[in-house]
Amino acid sequence: MKKLSRILLLCMLMQVLPACNGFLKPHKMPIQQGNVVTKDMLDKLKVGMKPSQVKYVLGTPLVVDTFDNNRWFYLYNLRMPNGDKLQQKLEIIFDDGELASFNNDYQFDVQGQTGGAEKN
């Protein structure tokens, strides 16, 4: 009799547990890739800086243009577990071995950190 009740209990559990499928989900971490650039780092960039000085401030660029070594790219991607993602780019342009200009689409919050994610 005990054996039969265990078998019945096991059968009932096998039917009930699949109903928990949507309830139990694995933990997912945010995925960060690329160069983190803060507002303080951008404030330190000045036209006329040497490439070594720019590297000291920002770190090694993620991408250096293959056909034009005077163009560096700092890219940052953040993917949140809920599907939100943030993509930002900083382009550094040198002329005659000095920083000529930089273009960025980094957005910062009040503390100067990289801004919030947007849904794409």
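The values are calculated or read from the model by the stated rules, or taken from the named source; none is laboratory data. Keep in mind that this is a model prediction, so the values were computed, not measured. Note that each Cβ is placed from the backbone with ideal geometry, even for glycine, and that neighbours are counted across all protein chains shown.
Couple of notes before you dig in:
- Subset of the stretch 75-96 [in contact with a Phe, Trp or Tyr (Cβ under 9 Å, 6 or more places away or on another chain) and surrounded by 17 or more Cβ atoms within 10 Å (Cβ to Cβ)]: Y76, L86, Q88, K89, L90, E91, I92, F94
- The number of residues in the stretch 38-52 being of a type outside the set (G, A, S) and under 11 Å from F94 (Cβ atoms) comes to 4.
- Any chance M1 is surrounded by fewer than 10 Cβ atoms within 10 Å (Cβ to Cβ) and either in contact with a strand residue (DSSP E or B) (Cβ under 6 Å, 6 or more places away or on another chain) or not polar (S, T, N, Q) (or both): yes
- Some residue of the stretch 12-21 being modelled with pLDDT of 85 or more and either among the β-branched types (V, I, T) or more than 30 Å from F102 (Cα to Cα) (or both): no
- Condition check for H27 on (1) in contact with a strand residue (DSSP E or B) (Cβ under 6 Å, 6 or more places away or on another chain); (2) exposed (fewer than 11 other Cβ atoms within 10 Å of the Cβ): one failure, at (1).
- When the residues of the stretch 39-52 are filtered to those that are touching a residue at least 12 places away in the same chain (Cβ under 8 Å) and under 15 Å from N70 (Cβ atoms), the one that is surrounded by the most Cβ atoms within 10 Å (Cβ to Cβ) is M49.
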